[in-house]
Amino acid sequence: MALSQVARRGRIAVSALILTAGAAAWPAAPATAATAATGPTSAHATTSADVTCVLRPGIVHKDTLGNTFTGDLYCANAPGDLYGRPAFDAPVTGRLKTTQSWFVCYSIGEAHKGGNNIWYYTQGDETVNLPGLKAWGNMPASSVLTSTDPFPGLPRCPWH
């Protein structure tokens with residue numbers, strides 16, 4: 001076998017290993033508020049009416065304020081602004097550009113168009129103001145596609 005064929009096969013094997021490891025680390029299927037506490041559901045058990053949010057224990061995030069979070073909620077969301085505190089008159093610290101993001105905790109703040117006062121804390125994709133915060137901020141629950149607010153199992157932020 002030529003050396004180029006051996007190298008190509010090695011790259012393919014390594015790529016397959018990386019993809020397999022990545023798939024094992026990723027949630028197998030989305031969970032809903034009703035099923036998050038009982039574990040992942042199969043793709044066949046969910047319906048199109050289910051909101052796709054998954055609690056991921058053990059995922060570690062550290063914000064710029066010195067807080068460490070050991071789990072998150074991975075959920076569909078509308079792209080939008082993140083605020084320095086859970087209120088619309090707070091500085092916009094960051095922006096989520098993606099439609100699938102993680103959130104580490106929730107706060108109670110200003111009422112919003114979602115009909116409640118729950119806000120979710122995350123790190124944005126882009127810094128807007130206060131660069132020292134590195135885009136960490138609060139998003140109103142109306143922009144996070146959860147079925148229940150606050151999402152069952154997600155902790156309340158330590159400062160509220």
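The values are calculated or read from the model by the stated rules, or taken from the named source; none is laboratory data. Predicted, not measured: the structure shown is a model, and the values here were computed from it. So basically every Cβ, Gly included, is an ideal-geometry build from the backbone, and we count neighbours across all protein chains shown. The accessibility values were calculated without ligands, DNA or RNA, using every heavy atom of the protein model including side chains. Shrake-Rupley method; radii C 1.70, N 1.55, O 1.52, S 1.80 Å.
Of note:
- Only aspartates and glutamates eight or more places from LYS134 in sequence, or on another chain, were considered; those with a Cα closer than 12 Å are ASP63, ASP125, GLU126.
- Proximal aspartates and glutamates relative to LYS62, as straight alpha-carbon distance under 13 Å, when same-chain residues fewer than 8 apart are discounted: ASP72
- Estimated Rh, the stretch 105-160: Kirkwood, alpha-carbon pairs, angstrom: 11.9 Å
- Distance cut-off 19 Å, percentage of C-alpha pairs in the stretch 55-160 lying past it: 35 percent
- Counting protein heavy atoms only, the stretch 109-160 has 52 percent of its accessible area on carbon and sulfur, 1.4 angstrom probe.
- Computed over the stretch 52-123: relative contact order in percent, which uses C-alpha pairs under 8 Å that are six or more apart: 25 percent
- Counting Lys and Arg as +1 and Asp and Glu as -1 over every other residue whose Cβ lies under 14 Å from the Cβ of TRP159, the net charge comes to +1.
- For LEU145 and ALA111, the FRET efficiency from 1/(1 + (r/R0)^6), where r spans their Cβ atoms and R0 equals 25 Å, is about 0.85.
- Think of a 1.4 Å ball rolled over the protein heavy atoms: the stretch 49-106 then has 45 Å² of accessible area per residue.
- Approximate shape of the stretch 67-117 as ellipsoid semi-axes (Cα gyration tensor, √5λ), whole Å, largest first: 18, 14, 13
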